[in-house]
Every structure is written in structure tokens, then in C-alpha cells.
């Protein structure tokens, strides 16, 4: 009876994580869908919205770090419920913007803060409490909600964009995020083991300060920084790239959605692989594939190449997401897994902001993304080398 109850509780935790990531992930990528029509409608430069995305990622990153601390110490229920409330206000009010600074404040600050809290960090902490031995697989199943969320939400919003305009896209996103507040308060019980903080005395591991004194921490953080640099460049600019190459608006919008479907397959495969063979090899494959597709898109930008680039990159986009907790637990122990994984993801997203901004600046300066793709190729190669260094320096804290 007890074993069945534990299994039921554990599966419920994965389901809650899936729903949270479905809404949070689908909402996060909507800016890529409306970037071109918003910029053209207001006569803004793409770098105006690219800067908004960069600020969004910086604020999101900081809030991920603090959400990790909070998830280690207080109720995950409170963290997620409050995050969705702030997200709803920020993204919903984007329908009313008329100046770039409005977008900076609403999307770049308010929505970013809420979205950063409703992130993979508290979900990873919640899942790791229930699945200490299969954390990568369980975490990947929860995080796969991002893939289906991106597919379902972006596909639906593509139709909204075409028929009703970009303002309605933001209104619908605001409503969806608002509905998550009562859902979270109902689904996660205050006294559940998923919501409650871990007893730190029963967990071995290094503090944030102690981990930062190790070479392994800086190798891991640098690798995740480059990963984020690529992730948010691609997710922010792939629709605009496709439209620039003459791809139809419907297909271009759905490219972003189907990247999410490809990401679903990638993240589940990565979690299963990691539990068997460790996280380093899955990460190495991810970065090696990116090197290949950046070379492809530099030399060919016809419709087929753009689709292949989008789908292949989509497969890799979340591979490292469920592995952050695994890397941290293996190298530094479980005691401060939320704070450490939050800090690493914070750096990932801040560098993602640079990637999104670089893509916009490259286009505004030259009319193409060619210089940005060169930067992506160089940094993807560096990420391969950093991952190889992680394999040589792999450690385990007992």
C-alpha cells in the first residue's frame, strides 16, 4: 500500500511539473512569433525587441537563481503560484504597448520575473525529491511539457496572430497564465513532500561558495553559458530568418512550434540516456550536432535547409535542461541543488540574452544573420571542448 502511494505521489509530481512547463515554456517562446509583425507595425528596429528579449533573459536568469534558493527553503507551491500571477500581468499587458520602453518593462521585467520563478529550477528540485535514483528521466518527462507547450500554444497562437493580430496573442497568454494560479494552489498541497523543503541536515554536498572554488563548477557554468547563447538566438530569430528567406508566414510560425515537438523527443532521449550512461555524453552529442547544423545554415538558406536547421536545433534545445540537476548532484551533492542549479541556469539565460541581442544587432547592421551564425559556430565548437573537459574532470560528492 505504501509503495503504491509513493508511486502515485511521484507520478503526480511529474504531471504537475509537466503542466507547469507546458504553460511556462509555451508562453516564453511567443515573442519569436510576434517579433517581425510588432517591429514592422510600430516601425521599430528588430534590435528594440531583441533588447527586450535580452533584458527578459537577464531578469529571468536572476529570478531562476532566487527561485532555486526559495525552493530549497520554502514551499514550491507558493513559489509557482506567485510566479504565474506575475507572469499573467506582465504578458497580458503587452497587448497595450505603444513604445519600446513599455515592452522592456512589461515583457523584459514583469513577465521575466514571473517566468523565471515558474521555471525548470523549482520543478527540478520538486522532482529530485521524489526520484533520487532516476532524476534525469523523471526531470526530462516533466520538462518535456515545454516541447508540447511550444507545439500546442505556438500553433494555436499562429492562428490567432494571422486572424486577430499580435495584441490578441498576448491577451490569450495572460489568461492562460492567470488560470494556472488556482490550478497550482489546488494541485500542490501545502504539506506534501513535493512542496516541502528538503531536510538539509540529511543531504551531503557543497555550498554555493564551496562549489565555486572548484574547477568543475566553472567548466560546467561556461558550457551552460554557451548553450544558452545558442538556444535563445535560435528560438528568437528562427521565424524571422524563415520569413526573410521567403517561407510562408504559416509555415514560419509553425517552425517554432515544431521545434518544440523535436525538443520533446530530444529531452526525453537525453534523460533516459543520462540515467544509463551519465550526462556528459548526451551533452557532447548535443553540441556536436549544433556545430554541424550551424555549418549547414551558413552555406545554404533555402527553405529545406531552414526547416532542417530548425528541426535539428529543436531536437537539441532542451537536452541539457534536465541534466543540470544531475551534473550538480554528481559533482557537488544534493544539499544545495536548487541554489547551484539555479545559479548555473541563471548564467545560461543571461548569455541567452546576449545571443538574442547579437542576432538582432547582426541583422540590423548587415541585413543578414551571417555574422551571428559565425559566432554560433565558434562558440558551439568551444562548447564541445568544454564538455570534453567535464568528462575528464567528472567527480562525485557522496
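The values are calculated or read from the model by the stated rules, or taken from the named source; none is laboratory data. Predicted model, so just to flag it, every value in this text is computed and none were measured. Don't worry about glycine lacking a Cβ; one is built from the backbone with ideal geometry, like all the others, and counts go over all protein chains shown.
Structure above, values below:
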read-out: All positions within region 362-374 that are surrounded by fewer than 19 Cβ atoms within 10 Å (Cβ to Cβ) and part of a helix (DSSP H, G or I); value: 364, 365, 366, 370, 371, 374
read-out: Breaking point among (1) surrounded by 24 or more Cβ atoms within 10 Å (Cβ to Cβ); (2) over 22 Å from residue 314 (Cβ atoms), for residue 134; value: (1)
read-out: Among the candidates 349, 336, residue that is under 18 Å from the mean Cα position of the chain (by Cα) and either closer than 17 Å to residue 231 by Cα or in contact (Cβ under 8 Å) with a residue 40 or more places away in the chain (or both); value: 349
read-out: Test: residue in region 35-55 that is under 20 Å from residue 322 (Cβ atoms) and touching a residue at least 12 places away in the same chain (Cβ under 8 Å); value: no
read-out: Test: residue in region 348-355 that is buried (at least 19 other Cβ atoms within 10 Å of the Cβ), outside any helix (DSSP H, G or I) and at pLDDT 90 or above; value: no
read-out: Options 201, 178, 173, 161; residue that is in a helix (DSSP H, G or I), farther than 27 Å from residue 277 by Cβ and modelled with pLDDT under 85; value: 201
read-out: Of all residues in region 287-331 being outside any helix (DSSP H, G or I) and touching a residue at least 40 places away in the same chain (Cβ under 8 Å), the one that is farthest from residue 227 (Cα to Cα); value: 302
read-out: Residue within region 98-108 that is touching a helix residue (DSSP H, G or I) at 6+ places or on another chain (Cβ under 6 Å), surrounded by 21 or more Cβ atoms within 10 Å (Cβ to Cβ) and under 28 Å from residue 265 (Cβ atoms) present; value: no
read-out: Set 261, 251: member being under 21 Å from residue 145 (Cα atoms), at pLDDT below 90 and in a helix (DSSP H, G or I); value: 261
read-out: Spans of helices (runs of 4 or more DSSP H) in region 53-123 with at least 1 residues farther than 22 Å from residue 351 by Cα; value: 76-92, 100-105
read-out: Options 264, 284; residue that is within 16 Å of residue 26 (Cα to Cα) and in contact with a helix residue (DSSP H, G or I) (Cβ under 6 Å, 6 or more places away or on another chain); value: 264
read-out: Lone unmet requirement of (1) free of Cβ contacts under 8 Å to residues at least 60 places away in the same chain; (2) within 17 Å of residue 29 (Cβ to Cβ) for residue 114; value: (1)
